[in-house]
Amino acid sequence: MGGDLKHEVYLFASLDKIGARGSLLGMMMVVASSRKKQSVNSWNWEPQRGRIMNLISNSLEINLSLLFGSSDPDENYLSFIMKNAFSMFENALLLKDSDTKDALCRIIGTCATKYHYIAQSCASILHLIHKYDFVVTHLADAVAGAEKKYADGSMAVSLIREIGRTNPKDYVKDTVGAENIGRFLVELADRLPKLLSTNIGLLVPHFGGESYKIRNALVGVLGKLIAKAFNDVEGEVSSKSTRLRTKQAMLEILLERCRDVSAYTRSRVLQVWAELCEEHSLSIGLWNEVAAVASGRLEDKSAIVRKSALNLLIMMLQHNPFGPQLRAASFEATLEQYKKKLNELTPNCPSQNPDGLQSDIDVSCGDSGVENEESEGDSKDQDSMADSCLPHVADGMPQVDNSVPDFGNVEQTRTLVASLEAGLRFSRCISDTMPTLVQLMASSSSSDVENTILLLMRCRQFQIDGSEACLRKMLPLVFSQDKSIYEAVENAFITIYIRKNPVETAKNLLNLAIDSNIGDLAALEFILGALVSKGDITATMLSALWDFFCFNISGTTAEQSRGALSVLSMAAKSSPTVLSSHLQDIVDIGFGRWAKVEPLLARTACLALQRLSEEDKKKLLSTNGNRVFGILEGLVSGFSLPENIWYAAADRAIAALYTIHPTPETIAADLVKKSLKSVFDSSEGSEVQPDMDSDRYHVLTSVQVAKLSRYLFVVSHVAMNQLVYIESCVRKIQKAKAKKDKMVAEDRKLDENKASDAQKDDSINSELGLAASEDAMLDSLAERAEKEIVSGGGTEKNLIGNCAPFLSKLCRNFGLMQKYPELQASGMLALCRLMIIDAEFCESNLQLLFTVVENAPSETVRSNCTIALGDLAVRFPNLLEPWTENMYARLRDQSVSVRKNAVLVLSHLILNDMMKVKGYINEMAMRLEDEDERISNLGRLFFHELSKKVLVEKLCNRFTGVSDIRQWEYISYCLSQLAFTEKSMRKLMESFKAYEHVLSEDTVMENFRYIINKGKKFAKPELKSTIEEFEEKIIKFHNEKKELVLTEKNAQVHQQKVQFRDLYGASKSRMKKSTTKSLKVEPDTSTRRNTRSKRR
């Protein structure tokens, strides 16, 4: 019978091969000729394969010794079966059939385990795993099935041993094989956790290998083992202790791997920790340590690691064992009560036992040892809200119960105290990450922003301290060009502020408007406009806002009324009809008695008037026109508002007049005259008009200074609004002309063959260029109207033009300005506004402006002037171009505010191509190291955006013609701060000739090395090899240049030594001669006379 079985198996195997070939041949024939029909008697092998494979696997599982006459079947027979089984594993289509796949797994498991065909089986399995990725899960099923059926894990152990024996360097070359082996180990750990936990030591050495894919897999294996291998509670105490030590060692390895050199491995470790949290396999004793690691990884240089850290913290909050609210104050109050209780229970014992507490609380979150009413209630609440951000949870502030439940057991109370301390540490750990989360919301990576918002939402749900304030800072992100970021902000906004109850929604929105700054208000207006357009802000919500504004809801304050009107004005920008039904209320309440209680209410009412539709404006003018104009004029010229609020209210009042008044220039002229009269026609100020260069200003009182400041504000603001009004009029004319031209063109198309004489004349006029001349005439008129604002059209000055010389002379009197800083602030602001309007006035006062921006003692004045310089550079670029160096000098100002505004202004000008990147760009690079963190972040953002413009070539060209080593260092540092792409790296390499002469300097070389290291990280293999060749090239050039420079220095030193030696020799020779002369004895004069006398 054994021979018959062999023959049948050989027959089936041959049939399988023939069937497989026949199926393939049949498919080829069908593709080749679809007209040929399949034979009626053709046999389809596919449905029979699974059944036959099951028969073969069943035959191997019976007692074959009765057939073959020996304990083991013929080795050739087993080899034949295994060979065919493994060959079938190479066909992905066959494995899709569950019957065939299960039968093949049983065949492999039975042959390897029951018939001890392990060595050959393991070799074939590893070969398949290295070669095909689709076999990984199926082979893991085969190995696990064999262990389960025969209670023998010898095949699994043999595979683990073979993988462990492999040289780690082999996996560096075979990346596909490394990934497949890693997946196989993870699948095996999931199916056989206990077996793998006892053999994990064979794989641990691979943590020291260079293949991050293997390390990733081992991290995943450890996660599976920690979650599944140590759950049983049976066994002896010694075996339990061994398992706990093994588990602790695995946890320590996971903590250590959080600092792996590979970002992929660090990310994978954090993902494993998140999985352990989700499966309640992370002990309370280790909870805060993992939270601290995740918080630290938020500042990782890799975006994928930061993303995993954010997700881990989200998971830890969602599955935390401490309760549904984590407000630190609540924990502190409860902890204090239980500490008192513990002290009462143990008066003669220490209140804490650090060694014992760890063991008490080192339990799994799933089966926590803290069993009490409070923890049970918390866990129930936690489970019910784990998968959703419920707004009502975040709003409620739980009340601390003064009555402390009596547990009666000291150890349980001590454990509870330790648990509360752990919860408090966790709450503080998350709260301490808020500054980092704010920075991540400004990240250039969209994943950082999206996941940070999700984490802050979860923090708000659990009432983490500081989360509410951080969420407010996400509002400016609505202006992001990234659609995913905008959607994340919008979804978070809806979740937090938009409720089913209209009154709650209205209250949330008006409170948000009250507490927001200028930037947040702009963002709020943008997002509210979008929500109104989409219908997320319903009519009932708008009605509730009107109820708050009109004080129809009891307890409404004047501040809430202002906030409601502010939100309604924002909504009116996208839907002007929002304000139609309450025009009278806006006037009566906005400018009535409540405006005295809340002065900013009048300013908000002015804003609402600006947002009226054209129909509403006509309706308002017909019913309350004179009254409204009188109110607005009174706001500007009166003194009912406090000084600090008047400027904001006057700003909006003047803008409202220019929006709704039919002839705004007339009423604006009256405002200027009234303001001027209040300053110079008063008895106190009659002596201010004489020569402005004199120093007799003792008559100026604080009241007069305030009036003069207001006058300058009114004059300059009217001038600016007049400019805007002229531009709006021009746009209206252009719009009407375009509409008319469109109608004429449509008429011409309708009746092209029967064109009227007028149409023919229009056609001729177009051909003659008369249409273009009309546009030129309109531009000329607009330019003339703008010039008349300050300079005037003729020899005589107009109303504002008369103020301009006075203003210029006033601002030049630095003695007076230093005595009255508020007057200087108002005067310089007015001066800058007039300079923006008129080119001649700008050119004549540029020197004054730069003098003030450099030397003014008030940082507010310097900051305002810096912002004005940006506006002037946009309007009159040619006038500001010679002052570029002075504009960059603002980056060195002592004031943080001035430096910040300078960075913002220059970034805007450069990135929008309004200013060229000059040689002063190093000043911007120095701001990267600014002591103020926000300025340094703005600098990084600037260079990140600048790098997108491919400025590498331009900066490389800066090296040519520069001999100053310090300039070389600056330019190379700027280059290193750019975000390089493949294109910019090639530009850098192509520009080698431009900077080869600077590579001798070590600092410059370090910056280039930094660039090369950045390029290697993103480069593809082809580019990476090019970069490595370029690196060798510049290192070689650097060394040669350095040697050359060193040789030149040595030659100079040697020459100096030779010159010194020659000089020293000549000097010594002269000294010797002089010494010889001094040693000769000169005869006495008397002797000389005697000698001469004797001769005579």
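The values are calculated or read from the model by the stated rules, or taken from the named source; none is laboratory data. As the structure is a prediction and not an experimental result, all values here were calculated from the model. No Cβ is skipped: glycine too gets one built from the backbone with ideal geometry, and neighbour counts run over all protein chains shown. Just so you know, the surface numbers come from the protein's heavy atoms only, side chains and all, with ligands and any DNA or RNA stripped out. Shrake-Rupley method; radii C 1.70, N 1.55, O 1.52, S 1.80 Å.
If packing is taken as the average count of other Cβ atoms within 10 Å, what order do 1042-1048, 559-565, 434-440 fall into, highest mean first?
On the way: 1042-1048: 11.4, 559-565: 24.9, 434-440: 17.9.
Taking the mean over residues of other Cβ atoms within 10 Å, the ranking is 559-565, 434-440, 1042-1048.
Tell me, what is the FRET efficiency for residue 534 and residue 677 to the nearest 0.05, using R0 = 51 angstrom and their Cβ-Cβ distance as r?
Numbers: r = 51 Å, r/R0 = 1.00.
The computed FRET efficiency comes out at 0.50.
For a 23 Å ceiling on Cα separation, which of these pairs sit above it: 247/341; 618/787; 1016/1036; 173/301?
Details: 247/341 35 Å; 618/787 31 Å; 1016/1036 19 Å; 173/301 27 Å.
In this structure, 247/341; 618/787; 173/301 lie more than 23 Å apart at Cα.
Shape call for the range 134-190 from the C-alpha gyration tensor, a ≥ b ≥ c root eigenvalues: rounded (a/c under 1.5), prolate (a/b greater than b/c) or oblate? Don't skip to the end; give the middle numbers.
Numbers: a/c = 3.30, a/b = 1.71, b/c = 1.93.
Oblate, because a/c is 1.5 or more while a/b does not exceed b/c.
Quickly work out the residue 585-to-residue 1003 label distance, labels modelled 7 Å from Cα along the C-beta direction, and quote it in nm with one decimal.
Distance between label points: 6.6 nm.
What are the ³J(HN,Hα) couplings of the range 78-94, residue after residue, when phi is run through the Karplus curve with 6.51, -1.76, 1.60 and θ = phi - 60°? Round to Hz, x for glycine and proline.
Coupling constants for the range 78-94: 5, 4, 5, 5, 5, 4, 6, 5, 5, 5, 5, 5, 6, 9, 5, 5, 5 Hz.
How many nm is it between the label spots at residue 410 and residue 881, if each spot is 7 Å from the Cα in line with the beta carbon?
Taking the simple label geometry, residue 410 and residue 881 are separated by 8.8 nm.
So how much slack lies between residue 1017 and residue 172, counting 0.36 nm per residue of separation and subtracting their Cα-Cα distance, in nm? Provide the component values of the computation, followed by the final result.
Details: separation 845, 0.36 × 845 = 304.20 nm, distance 1.66 nm.
Between residue 1017 and residue 172, full extension yields an extra 302.5 nm.
With a probe of 1.4 Å, find how much accessible area the range 412-537 has per residue, and write the answer as a whole number in Å². Please report the intermediate quantities before stating the final value.
Numbers: 4730 Å² over 126 residues.
Heavy-atom SASA per residue in the range 412-537 reads 38 Å².
Would you work out what percent of the accessible area of the range 88-191, with all protein chains in place, is carbon or sulfur (probe 1.4 Å)?
49
Order these peptides, 334-343, 835-844, by their mean beta-carbon neighbour count within 10 angstrom, highest first. Don't jump to the answer; show the numbers that get you there.
On the way: 334-343: 16.3, 835-844: 19.5.
Going from most to least packed, we get 835-844, 334-343.
Report the residues of the range 883-907 in range of a label on residue 934: point 7 Å along Cα→C-beta, backbone N strictly under 20 Å from it.
From the range 883-907, the list is 890-907.
Given 735/949; 83/114; 534/742, which pairs have Cα atoms separated by over 28 Å?
Values: 735/949 35 Å; 83/114 17 Å; 534/742 32 Å.
The pairs that break the limit, which is 28 Å between Cα atoms, are 735/949; 534/742.
Please give the per residue accessible area of the range 254-309, computed with a probe of 1.4 Å over protein heavy atoms only, in Å².
Working: 2150 Å² over 56 residues.
I get 38 Å² per residue for this part.
Pop out the ³J(HN,Hα) list for the range 246-258 in order, Karplus 6.51 cos²θ - 1.76 cosθ + 1.60 with θ = phi - 60°, rounded to Hz; leave Gly and Pro as x.
Karplus values, whole Hz, x for Gly and Pro: 5, 5, 5, 5, 5, 4, 5, 5, 4, 5, 5, 5, 5.
Could you work out how much longer the chain between residue 871 and residue 1035 gets when fully extended? Use 0.36 nm per residue separation minus the Cα distance between them, nm to one decimal. Don't skip to the answer; put the middle values down first.
Details: separation 164, 0.36 × 164 = 59.04 nm, distance 4.62 nm.
So the extension gain works out to 54.4 nm.
What is the range 926-1019 by shape, rounded, prolate or oblate, if you read a ≥ b ≥ c off the alpha carbon gyration tensor as root eigenvalues and call it rounded for a/c under 1.5, prolate for a/b larger than b/c, and oblate otherwise? Walk me through the numbers before you get to the answer.
Details: a/c = 1.73, a/b = 1.21, b/c = 1.43.
Here the range 926-1019 falls in the oblate category.
Considering only protein heavy atoms, what per residue accessible area in square angstrom results for the range 845-964 with a 1.4 angstrom probe? Present the calculation step by step, with values, prior to reporting the outcome.
On the way: 5560 Å² over 120 residues.
The answer is 46 Å² per residue.
In whole Hz, what ³J(HN,Hα) sequence does the range 660-669 give by Karplus (6.51, -1.76, 1.60; θ = phi - 60°), x for Gly and Pro?
Karplus-based 3J(HN,Hα) across the range 660-669 equals 9, 7, x, 10, x, 5, 6, 5, 5, 4 Hz.
Can you tell me how much longer the chain between residue 484 and residue 79 gets when fully stretched, taken as 0.36 nm per residue apart minus their C-alpha distance, in nm with one decimal? Working shown, then result.
Details: separation 405, 0.36 × 405 = 145.80 nm, distance 5.71 nm.
Length gained between residue 484 and residue 79: 140.1 nm.
Using a Förster distance of 51 angstrom, determine the FRET efficiency expected from the C-beta separation of residue 137 and residue 503, and round it to 0.05.
Numbers: r = 55 Å, r/R0 = 1.08.
Given R0 = 51 Å and the Cβ-Cβ separation, E is 0.40.
Where does each of 549-558, 76-85 land if you order them by average Cβ count within 10 Å, highest first? Before the final figure, lay out each step's value.
Details: 549-558: 15.0, 76-85: 18.0.
By packing density, highest mean first, the sequence is 76-85, 549-558.
Report the Cα centroid-to-centroid distance between the range 641-684 and the range 572-599 in angstrom, as an integer.
21
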